[in-house]
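Working notes, structure below.
All of the numbers you see were taken from the coordinates with simple rules; none came from a lab. Just so it is clear, the structure is predicted and the values come from calculations on it, not from any experiment. Note: ideal-geometry Cβ built from the backbone for every residue, glycine included; neighbour counts use all protein chains shown.
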Amino acid sequence: MKKFLIAVILFFLFLRIGIENLCFAQAPTVSQIERTQEILDKEKVLREKLLEEEKIFINKILVEGISLLTEDQIKDIILPFQRKWLTKKDIQHLLELIKEAYKLKGYTGQPTKISYQIKKKQLIIRVEEFALNYK
C-alpha cells in the first residue's frame, strides 16, 4: 500500500511540474529569433534555386531570314547574349528585342514567324519577314 501511495504522490507531483512547464513556457530569446530567421532565409534561397529555370550555355547566335535590318543592328542586339548562360525567359527577351528593332526602323506589324532552335551551344533564330509594312 505504501508503494502505491508513493507512486500516486509521485505521479501527481510530476503531473504538476509538467503543467507548470506548459503554463509558464518562456518566450523565445532574441538570439533564438535571429537564428530562426537565418534558417528561414537560407531555406528561401534554396527554394528559389530549386525553382530557378534551367540555363543553357549559348556560345554563338545565328539569325536567319532577316533582310530588312542591317548586320550591325543584328550584332548590337545579339552580342550581349552570346557566350552566356541563358534561360528561356532570356531567349524570349532576345526575340522581343528583334521585333522591337523592326518597329524602330519603321516597319509596322510583326514578323509572321520568329522561332529558335538550340543545337550544340548555338542559338539559331529564324525570322520570316513577309507580314511587315513600311510606314
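Quick one: dipole size for segment 30-78, taken about the Cα centre, charges +1 on Lys/Arg Cβ and -1 on Asp/Glu Cβ, in debye to the nearest 20.
Values: 8 positive and 12 negative charges, 45 e Å.
Dipole of segment 30-78, to the nearest 20 debye: 220 debye.
Using just the C-alpha positions of segment 56-134 as equal point scatterers, what log10 of I(q)/I(0) does the Debye formula give at each q in 0.15 1/Å?
Reported log10 I(q)/I(0), two decimals: -0.48.
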